[in-house]
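Worksheet: the structure to be examined is printed underneath.
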């Protein structure tokens, strides 16, 4: 059962991918949805056994590589952390599979799409059930690959290809740090097995290691390197630029990979490595600051975006920031809690926006929407549910987790904790604002779409709506149900061994005793945010434009995402481009090609012609060649013997 | 002494195979020409039964027939590969022979005798049994090479192979006589003892003996510069026979070479290491460069196999247990990817006629995607592109060479594999990016299709679970060095 | 002893000279005849070593059967050997060079030849002294016991050679009458002989 959960999607991917000509569209949809659905069903009893009854287990499948002390085992590790992740991933993924059947109904390569989705699910499950750094890295790269394939799924669109390449490259930067971190772990601990490493961490807490010629604290350095990987994958400030562009992919992909699952892999990794991070307070501080800054930054950019998916993408980025600073103040359980609730309501939001886009025949610009409230009422209602959960309105899912995060940040009683708290409050205000800005621009007021589009606007088919109901239920209920286990009284028993928090890092406990105003401030700012949005977009629709004109520099600063892309272009891309151009023209073209490949290729061709000429076809030539060979070898052996003796 | 002569235990598989081959010969004779298909399937069954018997033999090292026959993990490993290669070759021949009107019952029987010869080679622990095993194998191969006796090219192939093979046998016997003259014995164990005793002053004659024997065996594995027969014979022989040539006899000859160099001449490692290095370098160069200009796919495969033998010899050149393990892994993987390639070549048939030009493959991916995919997998694997099986083969031999300090050899190996990648990838490019020419005949036939699918899948998915093969090869190599 | 040595050198010299003539004679028939001469001298060498059985076998099998068969084949096939030798002069220099190098190496090898100190005890000990049993009997003693494996293997090699010869040459020709002794013998009289009553002086 445990192995099947992970392997079923792989089988589905193989079946849907390789046997596409026989399965046809319908068959591949059934196979892939069936595979993921089955693994979602199986994940329920597993969650029950492992998480609720504390029966953790690791099943070693087989040893993949063994080379000296380096041993790399394929295994499925199920403890509470991975059981939660498996549950979230497989359930959300199966919902999105079903949704895709409707959403992609008119696409011409359905089997490929389904196979990619399955493949992604497999890699994601392999990632979360890893019991060593090797498999973690395997899953890590695997989801990156699947993400690349899916972003560029419509490979005939240049923008999709560019986005796919950008996602891949930015992730490479993170992965470089991640890979360095894994190598460092092997260097320091002599193993990549989680259990071995974690057991050895306390003994090495104060060790130093040599990194780039400097003596640095070993654990902190390793944690920072690994965190660079997490930053890339989870689109944290600095390495976030790929995520908004990744919205070029089909909307189910955005929902699955770029909201619910893959981007949270970084958070998962930090939680999984909590026994290491706990001994690296400096690294934790960095995590907190980066997370909090991302939360505020992304929310601020989200305020002014006009593409419906980009708004949600920045919101994702911002929520990931919340998760990271929760982890940074040692409230890993809270981070995973928010990860779970977020998976439900963000997948819901994406899929709902997918419904909107579907209804408007592919239109994504909110300035060309409006007034859809009556045309697609179910979608409208679902959007409300998702937004309420996102904004953290009681008692929707997001309320429980976001509140717990902010409490924990407050409870950390440290400089970075307070920094995170106030930035988090600011982000919460903006979150509420842009969520309702989205709702108001899309569903209220007069329509700004042309009437052709509006004539065809229609509610989505049931196959797309049912998954939304499931996710909506999650967005409403997940927080209430999970609160006790994830962050409330049952949390210590629930998490068991899978998460380690040092006794002195008691931010979570302290957060429970935060003053009244701390507990209710997030809700208050959320309501304020909604109010502002209402004031600006319903009561006084002209005001936003006036504000934008008035604070033009600020508006453009936000609209252009703090000029991150331009900055990177200026700092890295353009110089690299110029360097590359000159290396290509002068270095490569003139010097290397001239003497290298072209020269070598020409020589190769000449040699090849010679070598074929040796083959005359005359038997006595062959015999003669053999004799010459014998004589040469004998002479050489004689000479060597003479020299040796 | 007399008692242990007739201990058949270790040799049961061989005894069975010999009896089965003769029984099938009789069956064929009495049933007449129409029994070819029946005898073929029975031969495959006999090979399977032999493999079964083989798997039942004890893994400990055992000698019988007065020390002429040895069985150990190494022998079992190699014999399994040989049996597999032969069985696959027979299965691949079925439809081909019937179409080409050369389906005769002697064909599988000769394959069985050749296989028997190979098993005797693998188990040889005496210069005499070595020679007889080699001759039994070679003689059968000469005949099957010329099996399409109405084709000039086929008979030419058989004749060339025969004449040059006789020459190499002469070299082998001359070398063996030199060794016998020095050591006074032909048994490997005895020679090894003498070599250890007189390690200090080895006369030139012994070194020459080793050179001659190594040269003769190099001919059998078609290592350059003793490779000249290979392209002509590969081109001329019927395609399934070529497929057979390129796997089973190679594996048997490689294992013979390994055993001869490691067991009796182990103490002379300093002398033969240089010979093997030279053979490996020249083979890799020839295999890399000469293939580029070929237009016939079978000739191309001939050069490719020369190159592969060069890579396998890199492992042997390391001269230690890791190296031998690398050789074993390489040969096992080589078996699968080569059979896959030849399976695809056997599909090259237009309007009922076999075609062999590389250009005929143009646009194959559009007409027969599965065959094209199988051939592409095989080509990528041969080029050593990760994560396909061929990459691991190369990885293990190069690692062994590096750990033995043969850096130059490893570098040459990597460079020539880059050159070789050119012609492998050219085939892929032809299949996938060029416009289709004539369509190949379909269907390709069930037995061939199964072989093709099985070997391609192995090549493709080897990386998922390589441990058993690596482990078995490690055991086999250890057995060789323990004995 | 002297006579034995003289005989050895005589046989050896003639053997090598005959072998050279086999490959250098212009007429192929002469080549085969020189081959027969070489066989005889080799048999002589065997006799000198006390291996009279091998000597007889060599004469009977190689001279009596193989060489005679060669002779038939060479006489029946009209091969223009001069055409085959055309490249000879062109390759003579380099061929000669390689040959000479090899020859020098082998000669040098022969001069520094040595037998391993332990060799005598490993090998010779198993051979019965010639005086005790005749070598035919000695061969018989080991052929089916100690060497049964290689003996059987050799048998298989010959079997394969036979199969090969049949496979490559035997053709089922249509329209060829073959002798079928059983049918010939069992042919009833009525079907082969017809008695015809002929009236006298009537003509046919």
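Scanning segment B:183-197 for residues that are more than 9 Å from chain C (Cβ to nearest Cβ) and either free of Cβ contacts under 8 Å to residues at least 24 places away in the same chain or surrounded by fewer than 24 Cβ atoms within 10 Å (Cβ to Cβ) (or both) returns B:189, B:192, B:196. Report whether or not residue A:59 is without any contact (Cβ under 8 Å) to a residue 60 or more places away in the chain, outside any helix (DSSP H, G or I) and more than 30 Å from residue A:489 (Cβ to Cβ). Spelling it out, residue A:59 is indeed without any contact (Cβ under 8 Å) to a residue 60 or more places away in the chain, outside any helix (DSSP H, G or I) and more than 30 Å from residue A:489 (Cβ to Cβ).
Scan segment A:372-386 and tell me whether some residue there is in a helix (DSSP H, G or I), closer than 21 Å to residue A:234 by Cβ and at pLDDT 90 or above. Give the derivation first.
Pass one, segment A:372-386, residues in a helix (DSSP H, G or I): A:377-386.
Going one step further and asking which of them are closer than 21 Å to residue A:234 by Cβ, we end up with A:386.
Applying the additional criterion that residues be at pLDDT 90 or above yields A:386.
Checking segment A:372-386: at least one residue is in a helix (DSSP H, G or I), closer than 21 Å to residue A:234 by Cβ and at pLDDT 90 or above.
Exactly one of (1) farther than 30 Å from residue A:7 by Cα; (2) part of a helix (DSSP H, G or I); (3) modelled with pLDDT under 90 is unmet by residue B:443. Its number? All conditions pass for residue B:443, except number (2). Residue B:470 meets all of the listed conditions (1) assigned to a helix (DSSP H, G or I); (2) closer than 25 Å to residue B:302 by Cα but one, namely (2). Of the residues B:28, B:66, the single one that is within 11 Å of another protein chain (Cβ to nearest Cβ), buried (at least 21 other Cβ atoms within 10 Å of the Cβ) and not in a helix (DSSP H, G or I) is B:66. Against the numbered list (1) without any contact (Cβ under 8 Å) to a residue 40 or more places away in the chain; (2) surrounded by 14 or more Cβ atoms within 10 Å (Cβ to Cβ); (3) within 14 Å of chain A (Cβ to nearest Cβ), residue B:454 comes up short only at (3). Consider residue B:84 carefully, then state whether it is away from chain C (no Cβ under 11 Å), within 16 Å of residue B:14 (Cα to Cα) and in a helix (DSSP H, G or I). Spelling it out, residue B:84 is indeed away from chain C (no Cβ under 11 Å), within 16 Å of residue B:14 (Cα to Cα) and in a helix (DSSP H, G or I).
Quick grid of which residues meet (1) crowded, with 24+ Cβ neighbours inside 10 Å; (2) farther than 20 Å from residue A:252 by Cα:
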site: A:7; (1), (2): no, yes
site: A:52; (1), (2): no, yes
site: A:56; (1), (2): no, yes
site: A:64; (1), (2): no, yes
site: A:95; (1), (2): yes, no
site: A:100; (1), (2): yes, no
site: A:105; (1), (2): no, no
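Per the conditions (1) away from every other protein chain (no Cβ under 13 Å); (2) closer than 19 Å to residue C:163 by Cα, the sole criterion not satisfied by residue B:21 is (1). If we scan segment B:135-149, do we find a residue that is closer than 18 Å to residue B:451 by Cβ and not in a helix (DSSP H, G or I)? No, the conditions are met nowhere in segment B:135-149.
Looking only at residues of segment B:93-114 that are away from chain C (no Cβ under 12 Å) and over 18 Å from residue B:31 (Cβ atoms), we find that the one that is surrounded by the most Cβ atoms within 10 Å (Cβ to Cβ) is B:93. Can you tell me which of B:71, B:90 is within 14 Å of chain C (Cβ to nearest Cβ) and surrounded by 22 or more Cβ atoms within 10 Å (Cβ to Cβ)? After ruling out the rest, the residue left standing is B:71. Of the residues contained in segment B:202-219, one or more are found to be within 14 Å of chain C (Cβ to nearest Cβ), farther than 26 Å from residue B:335 by Cα and free of Cβ contacts under 8 Å to residues at least 24 places away in the same chain. The condition (being within 13 Å of another protein chain (Cβ to nearest Cβ), surrounded by 14 or more Cβ atoms within 10 Å (Cβ to Cβ), modelled with pLDDT under 80 and part of a loop (DSSP other than H, G, I, E, B)) is satisfied by just one residue among C:115, C:122: C:115. Considering (1) without any contact (Cβ under 8 Å) to a residue 60 or more places away in the chain; (2) over 26 Å from the mean Cα position of the chain (by Cα), the lone condition that residue B:411 does not fulfil carries the number (2).
So which residues in segment C:15-30 are assigned to a helix (DSSP H, G or I) and in contact (Cβ under 8 Å) with a residue 24 or more places away in the chain?
Matches in segment C:15-30: C:15, C:28, C:29.
Among the residues of segment B:240-294, the ones that are closer than 27 Å to residue B:347 by Cα and assigned by TED's automatic domain parsing to the domain that holds residue B:422 come to 8 in all. Filtering segment A:360-371 to residues that are more than 17 Å from residue A:305 (Cβ to Cβ) and surrounded by fewer than 21 Cβ atoms within 10 Å (Cβ to Cβ) leaves A:361, A:362, A:371.
Of the listed requirements (1) in contact (Cβ under 8 Å) with a residue 24 or more places away in the chain; (2) within 11 Å of another protein chain (Cβ to nearest Cβ); (3) under 25 Å from residue C:153 (Cβ atoms); (4) buried (at least 22 other Cβ atoms within 10 Å of the Cβ), residue B:118 misses just one: (2).
The values are calculated or read from the model by the stated rules, or taken from the named source; none is laboratory data. Values in this document were obtained by computation on a predicted structure and should not be read as measured data. Neighbour counts are summed over all protein chains in view; Cβ atoms, including those assigned to glycine, are modelled from backbone coordinates with ideal geometry.
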